[in-house]
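> Here it is: the structure, laid out below.
Every number here is computed from the coordinates shown, using simple stated rules; none is lab data. Model, not experiment: these values are computed from the prediction. Virtual Cβ from ideal backbone geometry, glycine too; neighbours counted across all protein chains shown.
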Amino acid sequence: MATNNTSAEGWANSTASTVTARVNDNATVWMTIAYVVVFIFGFFGNACIIYIVASHKRMKSTFNFLIVNMAIGDLLVSLFIMPSEVSNRCQSSLAIRYNFSQARYMKT
């Protein structure tokens, strides 16, 4: 037998889950913005370092090649890891929101 969850306790639980879902959404938005900003600065900064060392003959030293190797590693992280992190964060946020929205209708 299904019961209608209109009691004060049921309302409080659904309200708390809605607030939690909104907080998670806000955190997801700000973290996504942070990832995009880091991606943009990281991509262009590392690309500039690689370009400068490759284009200027006097910049080709052993130490600068070490810096270029680190810049290439950072560039690869920016290209492959950061987009998947943003995707995972957004998908987990949707899963949490879905679980909270379904929690209202469960019988306790």
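> Please find the FRET efficiency linking ASP25 to ALA47, where r is the Cβ-Cβ separation and R0 is fixed at 35 Å, and quote it to the nearest 0.05.
According to the calculation, E is roughly 0.60.
> If packing is taken as the average number of other Cβ atoms within 10 Å across a peptide's residues, how do 68-77, 50-59 rank, most packed first?
The peptides rank, most packed first, as 68-77, 50-59.
> Mind sorting PHE63, PHE41 by how few other Cβ atoms lie within 10 Å of their own Cβ, fewest first?
Lowest to highest Cβ neighbour count: PHE63, PHE41.
> Expected output is a single nm value to one decimal: the length gained when fully extending between ILE72 and LYS60, i.e. 0.36 nm times separation in residues minus the C-alpha distance. What is it?
Values: separation 12, 0.36 × 12 = 4.32 nm, distance 1.54 nm.
So the extension gain works out to 2.8 nm.
> Follow-up question, since we're still on this one. How much length would be gained if the chain were fully extended between VAL38 and ASN88, taking 0.36 nm per residue of separation minus their Cα-Cα distance, in nm to one decimal?
16.3 nm
> By count of other Cβ within 10 Å, fewest leading, how are PHE65, PHE43, PHE80 ordered? Could the numbers behind the result be given before it?
Working: PHE65 12, PHE43 15, PHE80 9.
Least crowded to most crowded, the residues run PHE80, PHE65, PHE43.
> Where Lys and Arg each count +1 and Asp and Glu each count -1, what net charge lies around ILE50 among other residues with Cβ under 13 Å from its Cβ?
0
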